[in-house]
Each structure stands twice: as structure tokens, then as C-alpha cells.
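The values are calculated or read from the model by the stated rules, or taken from the named source; none is laboratory data. All values derive from a computational prediction rather than experimental measurement. Cβ placement follows ideal geometry from the backbone for every residue including glycine, while neighbour counts extend to all protein chains displayed. Surface accessibility is based on the protein's heavy atoms, side chains included, excluding ligands, DNA and RNA. Shrake-Rupley method; radii C 1.70, N 1.55, O 1.52, S 1.80 Å.
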Amino acid sequence: MIIKRYIANNMNEALTRIRYELGKEAVIISQRKIRKPGFAGLFAKKSIEVTAAVENMIKNEDNSVKESIEAIKQVMKNEIKAEKEVNIIKETQASALLVNGNKEESSDLAKEIREIREMMSNMVSVKTTERTIRKSKLQVKLAQADINDSVSKKIQTRIKSIEEKLEEDEKLKITLEKMISISKVKMEGKVILVGPTGVGKTTTIAKLAGRLALIEKKKVGLVTIDTYRIGAIEQLKTYAEIMELPFKVVITLKEMDAALDSMKDCDVILIDTTGRSSKNTMQLSELRAFVEKVNTKNIHLVISSTTKNNDIQAIIDGYKVLNYSNLIITKLDETSTYGSILNILDYAKKPLSFVTTGQSVPDDIKNLTAEAISNLILGVDSIC
Ligand SMILES: Nc1nc2c(ncn2[C@@H]2O[C@H](COP(=O)(O)OP(=O)(O)OP(=O)(O)O)[C@@H](O)[C@H]2O)c(=O)[nH]1
Ligand SMILES: [Mg+2]
């Protein structure tokens with residue numbers, strides 16, 4: 001808004017100057033007759049002082065400067081949008097400078113303009129603070145779910161790009177669901193599980209075997225190339241015996257063909273592997289030779305939901321050499337925040353085949369939908 005005061009000999013002269021300088025949209029907010037200041041003014045002809053403004057929605061009912069400015073204040077408070085206010089401040093400042101330059105300035109008018117400026121400045125800063133708080137609420141929510149900063153930023157950008165008029169929570173839910181990719185892989189043929197030590201590979205193999213053999217009535221064979229850890233063979237062997245499933249131990253690459261051949265008639269062969277540190281490239285390339293020998297696309301990287309964010313990235317990067325096609329996320333029962341699921345899926349860019357939710361074989365394994373996982377992350381649901 002521009003507010004400007006004109007001293008003219010008559011109204012016609014004032015209007016001509018106002019139209020020329022402020023345009024047709026300008027409105028008169030006050031006019032009064034004045035004398036020139038000083039002793040000489042007493043004998044001089046009276047001039048006219050006209051205050052005009054150019055801006056939309058100005059009430060122009062009062063004749064006194066004070067009342068008009070109060071009206072403008074009110075209009076601004078109620079009507080002007082935050083973005084416009086920034087421009088208005090600049091314009092008002094410019095106008096105030098013009099007025100300040102005029103020697104005939106009324107000190108009251110200058111004071112009022114300063115007040116308007118301060119008031120608008122405050123309004124803008126309040127609105128800016130509100131925006132900052134609103135933004136950080138979402139950030140806090142994502143951080144509380146243990147979603148890392150990079151995924152959090154992606155989510156915020158995606159939310160902003162949703163044009164539909166929806167609540168922010170609804171937009172967040174839609175965004176999360178889109179980011180959670182669920183695998184459509186079928187548990188058939190040769191299936192290998194790989195992953196770091198102790199994440200639950202062998203237990204998950206036992207759960208899958210139980211589900212497939214006992215519930216889906218499929219012919220299941222079990223193979224382990226877990227020759228590294230004392231007792232590792234016994235662990236899977238025990239499950240195989242309980243479920244009465246064929247079981248083979250593979251120690252060398254050569255033995256792999258024979259083991260697979262002996263299970264030709266199985267619908268599914270579940271292959272367990274030794275837990276390896278993703279930092280040990282030697283061990284990983286040894287494992288890679290076995291995985292390549294099996295020759296399957298059904299390779300699942302098993303990773304615990306309790307893994308720290310930096311470790312997640314190291315594991316995903318380290319295991320890339322094994323060309324895993326799916327992810328199994330374990331131990332959801334051991335955490336109360338589920339953002340790590342999203343961190344893992346986002347970084348690995350592979351779909352999720354299963355989650356495990358406890359030590360019970362075969363019950364604690366699930367295929368969750370994107371909606372169910374999003375509900376876990378948002379705290380709408382919990383495991384157990
Ligand atoms: N709470 C919980 N514990 C689990 C889950 N899955 C496995 N475990 C436990 O985690 C521990 C390790 O499980 P294993 O199946 O031996 O893990 P692994 O990946 O085969 O380990 P390595 O063969 O040593 O690499 C065991 O005590 C399991 O009972 C799960 O979903 N939740
Ligand atoms: Mg194991």
C-alpha cells in the first residue's frame with residue numbers, strides 16, 4: 001500500500017496529482033483545509049491537504065487521518081495474506097520515506113505510519129513462526145518414528161507435491177504407503193537367505209519351512225551352507241527332523257549340485273547361509289560363489305529392524321555383490337519404532353518379502369501390506 005499526502009491549492013489540483021502519481025485506483029482517505037505554517041501563513045490563502053492511498057479494500061468513510069488509518073489497520077489485520085504483507089511493508093516503507101522527505105509532514109501522521117509498519121512487521125513474523133512450527137511438527141513426528149533425515153526430507157518433499165486438499169496426516173499416510181514396496185515373489189524353487197550374523201536367517205528358514213510344509217502342504221527341502229559356526233548345522237537339522245523334511249549340509253561348491261539334485265522333487269528348497277559381516281569382502285565373495293552356484297533369482301537379504309541407520313547402509317552396500325532381490329526384516333517385536341523398515345527399503349530399493357515378529361517357529365512371520373507397515377511407522381498399530 002502507498003499512502004501519500006498532497007498539499008494543493010484546491011481539490012482539482014490535488015486529484016490531478018493523485019491520479020498522475022498513484023493511478024486511478026487511488027482513494028482519498030482524508031482531506032482538510034490548512035494554512036501554511038508560520039506567521040505568514042495567517043495571511044495566506046488556505047491550502048488543501050489530501051491524503052490518498054492506493055491499495056484494495058480500503059474503507060474511506062472518515063475524514064480524519066487518525067480514523068482512516070485505524071480503518072486501514074483493521075482491514076489489514078483481517079484481510080491481507082502473509083505473502084502480500086511482505087510487499088506491503090516494502091511499499092509502506094518507501095511511502096514513509098517520501099512523507100519523511102516532505103518538510104510539511106505532520107508528526108502524527110508519521111507516527112501512525114510507523115505504527116502500521118511495526119504492526120505489519122509483527123504480523124508477518126508471527127505467520128512465519130507459525131509456518132516454521134508446522135513444518136517442524138512433521139519433522140519431529142518422522143524423527144520420533146526413527147526415520148532418518150534423508151528419508152524424512154524425501155517424505156516432506158513428496159507431501160508438498162500432493163495437490164489434493166487433504167489433511168497433512170492423510171498425505172503422510174499416502175506418501176509412506178507409496179514408498180513401501182511389497183514383494184510379489186513366490187516361495188517356490190530355490191530360495192536363499194543371506195545376511196549378517198544373528199539377524200535370524202536360520203530361524204526364518206524354519207518359520208518359512210513350517211508355513212510352506214505344514215500349512216501350504218508343499219514339499220520342502222532344507223539345505224545349509226552354514227559350515228562356519230559350531231552348532232549351526234545342528235540348529236537347522238533339528239527343525240528338519242521335527243518337520244520331517246529332507247536336509248543336506250553343503251561344505252564345498254561341488255557338493256551344492258548334488259544336494260540340489262537330491263531335492264529335485266521338492267516344490268521349494270530353502271537354503272540357509274553363514275552370517276557374514278558386510279565389512280568382510282573375502283567372506284562375502286566366498287559366499288557369492290555358493291549363491292551363484294545355486295543360480296536363483298529368489299535371494300533374500302535378511303536384516304534386523306533394530307539395526308542402526310549407518311549399519312543398515314553398510315549392510316545393504318556390502319551385500320549388493322550377492323544380487324539379492326528381496327528383503328526380509330526381522331525382530332519387529334524388539335523395537336517400538338518402525339522407521340527403520342522405511343530406511344531399509346528406501347536405501348536398498350528392493351521390495352519387502354517378509355517381516356518376522358518373534359522367536360516362535362513357525363508363527364512369527366508375516367507378509368504385511370504397505371498400509372499395515374505405514375500404520376506401524378505412524379504408531380497407529382503395534383506388533384503384539
Ligand atoms: N525377538 C526376536 N528374535 C528373533 C527373531 N528371529 C530370530 N530371532 C532370534 O535371534 C537369534 C538368532 O537367530 P538365528 O536364526 O540363529 O540367526 P542367524 O541369522 O541364523 O544367525 P547366524 O547363523 O549366526 O548368522 C535367535 O535367538 C533367534 O531366536 C525375531 O523375529 N524376533
Ligand atoms: Mg544361522
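Here is the list for the stretch 1-32: GluC sites (Glu not before Pro) lying in DSSP coil, each with at most 11 other C-beta atoms within 10 angstrom of its C-beta, are GLU25. Assuming R0 = 35 Å, can you tell me the calculated FRET efficiency for the pair ILE162 and ASP267, based on Cβ-Cβ distance, to the nearest 0.05? The pair ILE162/ASP267 has a calculated efficiency of 0.20.
Computed over protein heavy atoms with a 1.4 Å probe, the accessible surface of the stretch 209-368 works out to 48 Å² per residue. In terms of overall dimensions, the stretch 181-377 has a Cα radius of gyration and Dmax of 15.7, 47 angstrom.
Expressed as a whole percent, the accessible area of the stretch 181-238 that falls on carbon and sulfur atoms is 56 (1.4 Å probe). Using a simple spin-label model with pseudo-atoms 7 Å out from Cα toward Cβ, GLU21 and GLU115 lie 2.3 nm apart. Note on the stretch 266-384: Cα-only Rg and Dmax are 14.7, 44 Å. So, R0 is 41 Å and r is the distance between the beta-carbons of LYS237 and GLU371; what FRET efficiency does that work out to, to 0.05? For R0 = 41 Å, the calculated efficiency reads 0.60. With the Kirkwood sum run over all distinct C-alpha pairs, the stretch 337-381 has a hydrodynamic radius of 11.3 Å. From largest to smallest, the equivalent ellipsoid semi-axes obtained for the stretch 243-320 from the alpha-carbon gyration tensor read 27, 15, 10 Å.
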